[in-house]
1. When the Kirkwood radius is taken over all Cα pairs of the chain, what Stokes-Einstein diffusion coefficient follows at 10 °C and 1.306 mPa s, in µm²/s?
2. What does the net charge come to around Arg363 if you take all other residues with beta carbon closer than 13 Å to its beta carbon, with K and R at +1 and D and E at -1?
3. Can you send over the carbon and sulfur percentage of the accessible area for the chain, probe radius 1.4 Å, protein chains only?
4. If the limit is 24 Å between Cα atoms, which of Lys423/Lys670; Lys536/Lys613; Lys307/Lys541; Lys295/Lys509 go over it?
5. May I ask for the angle, rounded to the nearest 10°, between helix 424-434 and the longest principal axis of the chain, with both axes built from Cα atoms and the value confined to 0 to 90°?
6. Show that you can apply the helix-only estimate: for the chain, add -39,500 (n - 2.57) for every DSSP H stretch of four or more residues, divide by all residues, and state [θ] at 222 nm to the nearest 500.
7. Compute the angle between helix 226-242 and the longest alpha-carbon principal axis of the chain, please, reported from 0 to 90 degrees and rounded to the nearest 10.
8. Taking Cα pairs under 8 Å and at least six residues apart, what relative contact order does region 567-720 come out at, in percent?
Amino acid sequence: MRNIKEFYDKHHTRINRYVKWLCIGFGIFALLCVIGYGIILYGGGLVVKDEDFILDQKTTIEDKDGAVLKTLYEENRKVIDTKSLPKHVKNAFIAIEDRRFYHHGGVDFKSIMRAITRDIMAGGKVEGASTITQQVSKNLFLSHDKTFMRKTKEAMASIYLERHFTKDEILDLYLNAVYFGEGAYGIETAADTYFSKTAEELSIEEAAMLAGLVKSPTAYNPIEHPEKAKTRRNVVLKSMQSTGFLSAKERVKAARTSLDVTEGKETHEKWADGYVDYVLKEAKRDYNLSMDELKRGGYRIVVNVNKEAQKIAYDAYQDDTYFPGNTDGVEGSFVLTNKNRLIALVGGRDYTLGNLNRTTVRRQPGSTMKPLAVYGPALMQKKYTPYSLLEDKKRNYNGYQAKNYDNQYDTSVSLYEALIQSKNAPAVWLLNEIGLTTSKDYLEKMNIDVGEDGLALALGGLTDGVTPIQMVDGFNTFRNGGEFTSSRAIDAIYDEEGTSVKNKNALSKKRVFSKQVAWDMTEMLRYTVTDGTAQKGTYKKALAGKTGTTQHPLVSGKTKDAWFVGYTPNLTLSVWMGYDNSDKQHYLEGGSEFPTQLAKDILTQLDRKKPLKDSFKQPKGVKDLPKPIQLPTIDTVKADYQLGGLKLVKGKLQWTVSKKDNRVHYRIYKVQDGDDKKIGETTGETEFMIDDVSLFKTNEYYVVPYDPLTKTEGKNSKKIKMSF
């Protein structure tokens, strides 16, 4: 009995010890379960970050009519409020992805147990059991690798979402976040990509096809694999029927329809690339919006582009006949503004987004700089008018010498004539007279900084140069009555909520030239086009402008840069052509006549689309500027006696001229010892009566044309004798 008692006591103690440890183990397990549940329940806050709820959205660049020029994105998405979606759209996703969506707490434990069992049997991770809530968690907060730790975090985040958001809010996140293939994120972009419609307009069968894509956007891509996509769509329709979202009749009707997807909808419009690139630069400069922010922020950028003008200019730049390069690779740029709105821009002849945009590259502007740096500022001084005489001589200025392009000099020439004939020597002389400081002050008012350059500034010989954009803005000052405003491509930017984004460099007008000077410059530049250096090509309506060329530094007699900058009553434009890098093997075979003709041809095409104005309107209170007088050559002079009148005998001089201009005065001189005597003057007439004549004395006379604008005389006629 004692042995039995000892055996009982021994084993009882052991059982008690086992029970004790079992209870402790169970307690620890229970505690761990509680802790684990607490971590899962409350740890989601550590996984979920507020910034992860902000979905990347595409930015659109569009014209004022809403036509999109370009979309920018990391993920091509447009976030929408899904409350406005038809029920069948939401039901399609719930039926195929998570039919118990409105009944579980974020994690469907029945599905999890089934998935775990299959994973164990397969010896690895082969099946998921993700609810819509878990998919939102995975897409927004976690990586896509299939690990147990990631799955735990997914559950934590999902429970967090269910505790802090409504089911409809979670479904809204899901439909806006999910990927549908073809670069489309979110239901709105997917509807546009595949069906060219909004998500609100999706039919039952279209919604089913998109819901079917979520499982594998590549395998079920309706463009690449239409049969697989259709089969998958019909699976979704069956799920919608079995879930009670569709009747059998509705399901069969939807299953009989074709896919009718849009194939190849998005095309790349190269003609807009140069303009788009400038828009991006302007968004960074004026709105502080980086490319990364634009690709994610969902902005709507409304721009001033005129698509017809943009296409016309781009097409013209593809024509080799306008570009006289000695070898391949000659480039060009084009800028067109309407008031201060930049409506067309070509960054290069074959420009692709991301390339060098030549409208923002500094070049030597040649003689196009003369109106801005010399003649405009000079006319603002009381000392000078368009008919002031300038020195036209070859002259040295402390080692710098300016030569006229034809090496011909007239001793003196009017400011007007110097401008339209693009004479170099008078421009440099005048800049020296008004002073570099004065010139630079006016240029700075037009946002042109030329640094420490000297008198070569008069001829556009700048160390750093200026951009085509700056040249357009400068000439636009004349067109705009003397007021400067910088041109803008962007009309407005709106954020994802439709709120206008503030431009940190707000537009402001600056008075640079008086209205009178602006008008005088317009008249002179208009005459430059009709009778001066910018005659090449044909444009029948009002145009004022200036040509410019720069000599090639390495090849004698060849051109490095060729320009035309000008304006109509409502448009201002600049055309540049040359090589990106000029060396002995790269030079232009022609000069400014090529950009001049190109500019006029583009304007002619624009006029055909929408008629441009015929003439410039003279502002009120501004004096007219007469055209220059070209003093004629007096070809022949005849002298005769005339009988009759109070004096029985008079003399009559008659002459012929090379060119008739009734504004020309003719001065009649009598030859005598010492200085010849002026005996009379006519205006427009080519004859003159001499009262004081003698039949018994021979006298000599000659006629001199006189310009009343410049107050200068022309070449004397041959002397003619009058004797009986």
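1. On the way: Rh = 32.8 Å.
It diffuses with D of about 48 µm²/s by this estimate.
2. Charge balance in the 13 Å sphere: -1.
3. On the way: 17880 of 36120 Å².
Its accessible area is 50 percent carbon and sulfur atoms.
4. Correct reply: Lys423/Lys670; Lys295/Lys509.
5. It is inclined by approximately 80 degrees.
6. When only DSSP H runs of four or more count, the value is -11500 deg cm²/dmol.
7. Compared with the principal axis, the helix lies near 50 degrees.
8. Values: 227 pairs, mean separation 30.5, N = 154.
Value for region 567-720: 20 percent.
The values are calculated or read from the model by the stated rules, or taken from the named source; none is laboratory data. Computed from a prediction, not measured in an experiment: that's the story for all the values here. Positions of Cβ are backbone-derived with ideal geometry, glycine not excepted, and every protein chain shown enters the neighbour counts. Side chains are part of the model used for accessible areas, which takes the heavy atoms of the whole protein and leaves out ligands, DNA and RNA. Shrake-Rupley method; radii C 1.70, N 1.55, O 1.52, S 1.80 Å.
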